[in-house]
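Following: one structure in structure tokens, then a few remarks.
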Amino acid sequence: MMTITEFLGDGIGPELRASVHAVAAEIPLELRFEPFDFTLDNRQKRGKEVIDEGVASLQRSRLGFKYPTVTKGESPNAILRNRCDFAVIHRPVISIPGIDSNFKENLELHIVRVATGGTYEHGGELVSPDVAVSLRVVDRRPCRAAAHFAFQLARKLKRSVTSSSKHTIQRVTDGLFEAVVKEAAAQYADVPHRTELFDSLLAKMILKPHQYQIVVVLNEYGDFLSDMACGLVGSLGTGASGNYSFDDQMNVKIAMFDPAGGTAPDIAGEDKANPTAALLAFGMLLNHIGRYDLGHALRLALRALIARHECTRDIGGGLTTREFTTSVIHEFRRQLQSA
């Protein structure tokens, strides 16, 4: 029996959860979800207690799944990253036939983001009525974890790695990041590596996307790049991420998976939510536990349905959340049978 620590969310969270559980019921594995209510209402009622319980469960199970949550005060995502020492966020962004986009090139990109530091560690402060400052933090350890994760992924997928920053301007902080990536690159001589300035990378990714395969970046750059890339493929509703912490030997210690996008309160409870990102995140979880065959079958099922426009309205179909989930289950069974 494998336990998955599950962080329940706000807005469309319950509908996404129902879809994930319906598909998980089809998986020929013994999976047990251990739920923790991370909704804003429960966090306000129970405070630190529910955070402590969820973190303790995740540290035991070493495997988690999270739904979108409202940020009011401190971000639940930031709390989990800090408490569980998540160093890396991995966001695959791949074009899906059937989703209409203004960007006509096919994109197959893996963004490896340092999960902490950058400008996000310090909210800033006023030093005079007209001047505000904030501290920018770049830590060698998570940079090292992100670099090794990127090169190991590139070796597995037979891809190249691009590290990107503004090291010519942020000479010390971004310079440290690039130095750490360069140190890691020396251990992966079989993996091509180059460095790009971040503003140049954004322009070139639109002009020549095929040049980029795996991109490793600092925290805020990865935040910007992840959402931009999802926009290029036509929807934030297809973005899924893995969050990872590591031991001193760079082995994954804890992994947690979640869909991109927010709580969408405007459609919550209306059976309109698109569960694609949540199901892709579940597919990443299956990959992580060594069942790539199941994760791949799930991804093929989603791609086949979307290509036929048998999906939710936001990506060109006409199905409700429940109807789409039912279609995914039928197509998933078919993919498993034909494998």
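Please treat every number below as a calculation from the coordinates, not as lab data. Source: prediction; values computed, not measured. Note that we place each Cβ from the backbone using ideal geometry, even for glycine, and neighbour counts take in every protein chain shown.
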* **Antiparallel content of DSSP bridges confined to the chain, in %, to 5** => 45 percent
* Asked: Using alpha-carbon positions, what is the distance between the centroids of the stretch 11-47 and the stretch 67-114, in Å?
  -> 19 Å
* Asked: Each residue of the stretch 173-189 in order: what ³J(HN,Hα) in whole Hz does its phi give by Karplus 6.51 cos²θ - 1.76 cosθ + 1.60, θ = phi - 60°, with x for Gly and Pro?
  -> 5, 5, x, 5, 4, 5, 5, 5, 4, 5, 4, 5, 4, 5, 8, 10, 4
* Asked: Where is the GNM fluctuation largest for the chain (alpha-carbon springs, 10 angstrom cutoff): Pro76, Pro68, Pro92?
  -> Pro76
* Structure fact -> Residues whose modelled amide H sits under 5 Å from the amide H of Leu31, counting only those 5 or more places away in sequence or on another chain, are Met2
* Structure fact -> Helix-only [θ] at 222 nm, the chain, -39500 (n - 2.57) per DSSP H run of 4+, per residue, nearest 500, equals -13500 deg cm²/dmol
* Past 32 Å, Cα to Cα, is the threshold; run Lys48/Lys253; Lys208/Lys253; Lys104/Lys272; Lys72/Lys204 against it and keep the listed order. => Lys208/Lys253; Lys72/Lys204
* Asked: Name the trypsin sites (Lys or Arg not before Pro) in the stretch 229-327 that are in a loop by DSSP and that have at most 13 other C-beta atoms within 10 Å, would you?
  -> Arg308
* Asked: So which residue, out of Gly64, Gly261, Gly123, gets the largest mean-square fluctuation from a GNM of the chain using Cα contacts under 10 Å as springs?
  -> Gly123
* To do: Starting from the exponent 0.38 and prefactor 2.2 Å, build the expected Rg for the stretch 31-89 from its residue count and divide its actual Cα Rg by it.
  => 1.08
* Using alpha-carbon pairs under 8 Å, 6+ residues apart, how would you state the relative contact order of the chain in percent? -> 22 percent
* Over all distinct alpha-carbon pairs, what is the Kirkwood Rh of the chain in angstrom? -> 20.7 Å
* **Sorted by Cβ density within 10 Å, fewest first, the residues Asp293, Asp10, Asp41** => Asp41, Asp293, Asp10
* **Value of relative contact order over the stretch 102-232, rounded to a whole percent, pairs C-alpha under 8 Å and six or more apart** => 39 percent
* To do: Quick one: among Pro129, Pro28, Pro259, which has the greatest mean-square fluctuation in a GNM of the chain with alpha-carbon springs under 10 angstrom?
  => Pro129
* Structure fact -> Once phi for every residue in the stretch 274-280 is put through the Karplus expression 6.51 cos²θ - 1.76 cosθ + 1.60 (θ = phi - 60°), the whole-Hz ³J(HN,Hα) values, with Gly and Pro written as x, are 8, x, 4, 4, 5, 6, 5
* Asked: Taking neighbour Cβ counts within 10 Å as the exposure measure, how do Thr321, Thr312 sort from fewest upward?
  -> Thr321, Thr312
* **Extent along principal axes [Cα atoms of the stretch 52-197; Å; largest to smallest]** => 48, 39, 39
* To do: Would you order Glu30, Glu49, Glu196, Glu6 from fewest to most other beta-carbon atoms within 10 Å of each residue's own beta-carbon?
  => Glu30, Glu49, Glu196, Glu6
